[in-house]
1. Given a Förster radius of 25 Å and the C-beta distance between ALA12 and GLN56 as r, what FRET efficiency does 1/(1 + (r/R0)^6) yield to the nearest 0.05?
2. Under the rule a/c < 1.5 gives rounded, and otherwise a/b versus b/c splits prolate from oblate, where does segment 382-421 land using the Cα gyration tensor?
3. GNM on the chain, C-alpha springs below 10 Å: top fluctuator among GLY381, GLY227, GLY26?
4. What longest region of the chain stays clear of GluC sites (Glu not before Pro) that DSSP places outside H, G, I, E and B and that have at most 10 other Cβ atoms within 10 Å?
5. With +1 on the Cβ of every Lys and Arg and -1 on the Cβ of every Asp and Glu, and nothing else charged, how large is the dipole of the chain about its Cα centre, in debye rounded to the nearest 20?
6. Dipole of segment 8-80 (Lys/Arg Cβ +1, Asp/Glu Cβ -1, origin at the Cα centre): which of LEU64, VAL20, ALA74 lies farthest to the positive side?
7. On a straight-distance basis, which lysines could pair with LYS229 in a cross-link, Cα separation under 25 angstrom, same-chain partners fewer than 8 positions away excluded?
8. Please work out whether the chain counts as rounded, prolate or oblate from its C-alpha gyration tensor, where a ≥ b ≥ c are the square roots of the eigenvalues and a/c under 1.5 means rounded, while otherwise a/b larger than b/c means prolate and anything else oblate?
Amino acid sequence: MTQAIPVIFISALGDVLDKVKAFSVGGVDFITKPFQVEEVLARIDSHLTIRQLQQQLQQQNQQLQQEIDDRRRAEETFEKAFLASPSPIAITDLTTHQFIEVNPSFLKMSGYSRSEIVAQSAAQLRCWLNQEQYEAAMLTQAARYNQELEFRTKANTLRTVLLSVEHIRLNGQACALNIFNDITERKRLENEFISMVSHELRTPMHSLVGALDLLSSDRLGQLSEQGHKILDIATANAERLIRLVNDILDLERMKSGAITMQQQRCPLSPLLLQAAEAMQAMADAAQVALSVSPCSLLLDTDPDRLLQMLTNLLSNAIKFSHPGGAVRLTAERVEVAGRLSPPYLLIQVADQGRGIPADKLNSIFERFQQVDASDSREKGGTGLGLAICRNIVQQHGGQIWVESTLGQGSKFSVALPIAAQPEAITEQSDEQNYSAS
Ligand code: ADP
């Protein structure tokens with residue numbers, strides 16, 4: 001306890017050896033007699049200050065050491081968790097998307113060796129089926145959980161993953177901690193189950209609708225007005241179920257590659273007009289003005305699939321519009337870089353309807369994702385239309401996205417590449433203008 005007390009020797013012995021001895025036994029100062037009281041007091045003062053500073057320094061050192069130990073322990077725990085985690089984890093640069101570190105589970109899932117992946121970017125390795133969707137997942141918020149994405153392995157197979165991203169700083173660098181949950185097998189079983197159930201449902205549903213039709217034709221006996229009303233509700237619901245089953249099977253067949261694109265060179269305008277005409281009755285019933293400004297181009301496309309996509313987008317736009325609202329279908333050739341490199345075709349469906357909340361702008365393109373749980377019941381939807389649209393657009397090598405303001409309307413945009421075959425699209429001078437009545 002007393003050993004830290006600074007001791008000042010005051011002695012009449014003044015030669016060097018005496019002083020050395022005093023210091024070697026622990027003295028901090030040596031004053032030779034005769035001494036001045038002021039000098040002694042001043043020296044005591046300065047030694048007390050030195051002692052205080054020493055104590056402060058020691059305390060700070062201890063604190064720092066404690067922090068270093070805590071940090072080292074945290075790093076060791078993180079490293080152990082990182083290395084031993086059954087979930088694939090990758091740390092990437094937030095802006096360049098270069099891989100900085102990956103764990104063994106990630107290497108196992110991706111099929112790459114560490115040296116093949118570290119310092120490469122996700123885009124260079126073509127890791128994501130939709131790189132842009134991945135980049136959006138990385139940048140929109142400081143943290144994002146369970147975004148469903150398709151990851152491409154070294155062997156060029158696709159794995160469905162749920163990606164959770166946290167922004168972190170590593171040695172001063174802004175990084176993303178990507179934690180993957182590989183749900184490929186779960187998805188496969190789920191799809192198999194859905195597709196089996198759908199197949200089993202299809203035949204009885206068709207016979208049900210046939211029977212309802214027969215009943216409502218009054219050939220089996222006259223029905224009351226009330227009876228017809230009930231039959232109409234039953235038919236509408238049965239038809240919705242058939243639509244659902246058909247959509248599920250369509251999507252599954254597209255995803256599994258059983259439906260391939262039958263591309264041919266088609267003029268775009270008739271396709272746009274055909275889509276608008278097909279939706280005219282629905283627009284009239286909803287008191288929505290439907291207009292289309294076609295763009296006279298030739299396009300290499302699968303016309304049936306393009307029509308399916310256009311009618312899906314138009315039917316949504318009409319469904320979610322208010323009476324008196326307007327829905328507009330436009331198409332143009334874009335010559336400046338945007339979602340795709342130019343030139344590309346931009347098709348847009350804009351409405352003035354209820355709009356879509358910002359946090360749903362990406363998720364509605366996933367299967368069964370609806371803004372409101374009552375949408376399928378009240379609007380007759382299946383929650384599969386946009387997933388089908390996205391699939392069709394992706395099979396054309398394009399992009400689909402939506403911009404929206406709540407309460408004011410939504411604009412769905414589809415960008416289709418045309419750069420690969422520039423001769424596939426030729427401008428024609430006289431543009432037609434069609435406005436469905
Ligand atoms: P659904 O069969 O329910 O229309 P979709 O996949 O086509 O399925 O759309 C998913 C959901 O996205 C819809 O249920 C709706 O909530 C929202 N949505 C799609 N288009 C629009 C739109 N034009 N305006 C507002 N909401 C929309």
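1. On the way: r = 36 Å, r/R0 = 1.44.
So, using R0 = 25 Å, E works out to roughly 0.10.
2. Because a/c hits 1.5 or more and a/b fails to exceed b/c, segment 382-421 counts as oblate.
3. Between GLY381, GLY227, GLY26, it is GLY26 that shows the largest mean-square fluctuation.
4. In the chain, the maximal stretch lacking such sites is 1-334.
5. Dipole about the Cα centre, nearest 20: 740 debye.
6. VAL20
7. LYS319, LYS379
8. It is prolate, given that a/c is not under 1.5 and a/b is the larger ratio.
Taken together, the values in this text are just the output of simple stated rules run on the coordinates, not laboratory data. Predicted, not measured: the structure shown is a model, and the values here were computed from it. Virtual Cβ from ideal backbone geometry, glycine too; neighbours counted across all protein chains shown.
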